[in-house]
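Each remark here refers to the structure printed beneath this line.
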Amino acid sequence: MANSFEINGTLKVLEDLQTFASGFTKREFVIEVPDGKYPQMIKFETVRDRIDQLNTLSVGDELKVTFDIRGNEYKGRYYVNLNAWKIESSGGGAGAGGSSQGSAPSDPPPSSFDSSFDNETEISEDDIPF
């Protein structure tokens with residue numbers, strides 16, 4: 001998928017690094033996006049070398065996240081991930097993602113998506129909150 005998207009929000013959750021038996025690494029984070037009376041909590045993931053962009057961030061930071069949408073099927077179930085590949089601090093100047101003049105929004109997202117699905121990430125029906 002060649003489309004990329006941008007969204008601004010406040011960092012609410014910054015999860016620990018996850019490393020799987022296959023060597024695949026990812027780190028998840030959640031930003032809060034204002035949406036009228038009910039703000040939305042949006043979960044993203046970063047993979048491999050993009051994880052380093054999160055190292056200098058703290059909960060409460062204002063961010064601009066550039067991401068693409070990734071989906072896959074595993075054993076008849078479908079999964080969607082928001083794959084963040086550029087993370088910038090919105091508060092005056094560059095954050096962990098580099099300067100806003102760095103890569104333009106038309107830059108292609110990295111080919112870091114691992115289409116193999118680890119058994120360790122399988123979600124049971126009890127884990128789904130809705």
Query raised in the report: How many residues are within 14 Å of N81 (Cβ to Cβ), hydrophobic (A, V, I, L, M, F, W, C) and free of Cβ contacts under 8 Å to residues at least 60 places away in the same chain when one looks only at the range 1-46?
Result: 4
Report summary line: Within the range 39-64, the residues that are closer than 17 Å to Q18 by Cα and of a type in the set (S, T, N, Q) are T46, Q53, N55
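Values quoted throughout were computed directly from the atomic coordinates according to the rules given, and no laboratory measurement underlies them. Values in this document were obtained by computation on a predicted structure and should not be read as measured data. Note: ideal-geometry Cβ built from the backbone for every residue, glycine included; neighbour counts use all protein chains shown.
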